[in-house]
1. Do we have any residue at all in the stretch 75-93 that's closer than 19 Å to residue 212 by Cβ, more than 16 Å from ligand 2 (Cβ to nearest atom) and in contact with a helix residue (DSSP H, G or I) (Cβ under 8 Å, 6 or more places away or on another chain)?
2. With respect to residue 236, is the statement that it is within 16 Å of ligand 2 (Cβ to nearest atom), among the hydroxyl-bearing types (Ser, Thr, Tyr) and either more than 30 Å from residue 128 (Cβ to Cβ) or assigned by TED's automatic domain parsing to the domain that holds residue 262 (or both) true?
3. Would you check if residue 221 is among the polar types (S, T, N, Q), crowded, with 20+ Cβ neighbours inside 10 Å and assigned by TED's automatic domain parsing to the domain that holds residue 82?
4. Among 318, 292, 284, which is under 17 Å from residue 134 (Cα atoms) and either touching a helix residue (DSSP H, G or I) at 6+ places or on another chain (Cβ under 8 Å) or of a type outside the set (Phe, Trp, Tyr) (or both)?
5. Filter the stretch 28-46 for residues that are away from ligand 2 (no atom under 12 Å from the Cβ) and not in a strand (DSSP E or B); which is farthest from residue 89 (Cα to Cα)?
6. What residue, among those in the stretch 51-79 that are touching a His at 6+ places or on another chain (Cβ under 9 Å) and in a loop (DSSP other than H, G, I, E, B), is nearest to ligand 1 (Cβ to nearest atom)?
7. Considering only the stretch 209-218, how many residues are assigned to a strand (DSSP E or B), touching a helix residue (DSSP H, G or I) at 6+ places or on another chain (Cβ under 8 Å) and more than 15 Å from residue 84 (Cα to Cα)?
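The values are calculated or read from the model by the stated rules, or taken from the named source; none is laboratory data. Just so we're clear, the structure is a prediction, and the values are computed from it rather than from any experiment. When we count neighbours, we look across all protein chains shown, and the Cβ atoms used for this are built from the backbone with ideal geometry, even at glycine.
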Amino acid sequence: MGGKRMTQVTDHGGGVRSIKVPIPDNPLGHTLVYVVDTDAGPVLIDTGWDDPGSWDTLAEGLTACGTSVAGVHGVVITHHHPDHHGLSGKVREASGAWIAMHAADAAIVRRTRENRPERWFAYMAAKLEASGAPEEHIAPLRGTRTSARRPSTLPGFSPALPDREIVPGELLPLPGRRLRAVWTPGHTPGHVCLHLEETHPARLPGRGRLFSGDHLLPRITPHIGLYEDPDDATVTDPLGDYLDSLERIGRLEPAEVLPAHQHPFADAPARVRELLDHHEERLTGLLSLITTPLTPWQLAERMEWNRPWEQIPYGSRTIAVSEAEAHLRRLVKLGRAEAVPGSEPVTYVAV
Ligand SMILES: [Zn+2]
Ligand SMILES: [Zn+2]
C-alpha cells in the first residue's frame, strides 16, 4: 500500500529530496515538497494541501527519506497559498518544528484567521461590483438566502501562524547549509524563492539551486491577480512586482530550478526571458482590446484564457477578473492606459 506512495520521492542529490504531495481535485496534480537535510534534522520547503491523503503521502515520503514527520526541524514556506502552507500546522504539531514565512504573507495568514469568512465575502462582493461584474456573479457572495450557491471550496480559513520571519537577503537558520531568502513578490506579496548557495551535486554550470515556489515554473505561468486586502486601500501593482521579481531571479543564474509544481529544470534565465516576453505580448494584446473603454470584467470576458469564457467556472471567473485588473494597473502605471474619469463602474481605455 505504502509502496506505491514511496515512488513519490525523488532524490535530487546533495541532501535534497522531493515528495509529490497530491492536491485533490486540482489539475496541477501535486505540490513538490522539498526535504533538505541539515545538521539539526530535515527542513521542509512547503508542506502541501491539508487533506488526509496528502498528509499520508507526506508522512510516508518522509519515512522513505529515512526520517519521519516527528523528526522535522523546520518548515520554510514560499508563500501562504493552501497547496504550500496547508499542512504546516500539522507538521508543527507532530514535530515541534518552527515555521518561517515572509512578513507580507504572514500578515495575510493573521488576517485570514482573525476575519470571519462573511467579511471576506462582503469585501469580494464590493470589489466585483466595482469591476463591473454582473449581479448574477455577485449574488452568491451576498447574504444567507443564496448560501447554497456560495463557493464551497475556499480552503484554509485557519492557516497556521508562522513562528519566524523570512527576511529577504538573509540566510535561513539551517545548520550546515547555506539557504538564502530572495523576496519575489507578485504571485503573492510575500512570495520568496530560496537560493541554496552550494555547488550543484552534478556540477551543472551556474550558481547553486533555487527553490522557486510558484514564482518560476517550467510550463505554466503563475496567476498574477491583486493583493486583496480589506484593510488596505493602496493601489498596488502586482504584475509590475512580478516582472521585477522575474528579472531578479534571472540575474541569480541558478544551475537548476526546483519548483513547487511540475518538474525541476535548468537555464532559469531562458525561462525568465520567455515569461517576460509572454507578459509583454499579453499587455500589448490587451491594449488593442481597450481602444474602446472597458470595465475589468468586460476585459476579462474578451481576454484569451485556456477555454472560452462561457466554459470558465464561477470561481475561475473571479480569479480571471482580478488578473485582468492586475494587467490594467500595469498599463496605467506604464502610461499606456487610463481610467475614464467619471465612469462607474470604472472603465479603462488605451492612451
Ligand atoms: Zn500559489
Ligand atoms: Zn502552488
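1. Scanning the stretch 75-93, I find no residue that is closer than 19 Å to residue 212 by Cβ, more than 16 Å from ligand 2 (Cβ to nearest atom) and in contact with a helix residue (DSSP H, G or I) (Cβ under 8 Å, 6 or more places away or on another chain), so the answer is no.
2. Details: within 16 Å of ligand 2 (Cβ to nearest atom): no; among the hydroxyl-bearing types (Ser, Thr, Tyr): yes; either more than 30 Å from residue 128 (Cβ to Cβ) or assigned by TED's automatic domain parsing to the domain that holds residue 262 (or both): yes.
Considered against the rule, which asks whether it is within 16 Å of ligand 2 (Cβ to nearest atom), among the hydroxyl-bearing types (Ser, Thr, Tyr) and either more than 30 Å from residue 128 (Cβ to Cβ) or assigned by TED's automatic domain parsing to the domain that holds residue 262 (or both), residue 236 comes out as no.
3. Numbers: among the polar types (S, T, N, Q): yes; crowded, with 20+ Cβ neighbours inside 10 Å: no; assigned by TED's automatic domain parsing to the domain that holds residue 82: yes.
So residue 221 does not fit the description; no.
4. Values: 292 fails: under 17 Å from residue 134 (Cα atoms); 284 fails: under 17 Å from residue 134 (Cα atoms).
Result: 318 is the single residue among 318, 292, 284 that is under 17 Å from residue 134 (Cα atoms) and either touching a helix residue (DSSP H, G or I) at 6+ places or on another chain (Cβ under 8 Å) or of a type outside the set (Phe, Trp, Tyr) (or both).
5. Result: 39.
6. Filtering first and then ranking leaves 79.
7. So the first thing to find is which residues in the stretch 209-218 are assigned to a strand (DSSP E or B), and the list is 209-213.
Restricting the remaining residues to those that are touching a helix residue (DSSP H, G or I) at 6+ places or on another chain (Cβ under 8 Å) gives 210, 212-213.
After this cut, where a residue has to be more than 15 Å from residue 84 (Cα to Cα) as well, the list is 210.
The qualifying residues number 1.
This table checks each residue for (1) assigned to a loop (DSSP other than H, G, I, E, B); (2) of a type in the set (A, V, I, L, M); (3) within 16 Å of ligand 1 (Cβ to nearest atom).
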{"residue": "177", "(1), (2), (3)": "yes, no, no"}
{"residue": "182", "(1), (2), (3)": "no, yes, no"}
{"residue": "185", "(1), (2), (3)": "yes, no, yes"}
{"residue": "193", "(1), (2), (3)": "no, no, yes"}
{"residue": "198", "(1), (2), (3)": "yes, no, no"}
{"residue": "203", "(1), (2), (3)": "yes, no, no"}
{"residue": "207", "(1), (2), (3)": "yes, no, no"}
{"residue": "220", "(1), (2), (3)": "yes, yes, yes"}
{"residue": "223", "(1), (2), (3)": "yes, no, yes"}
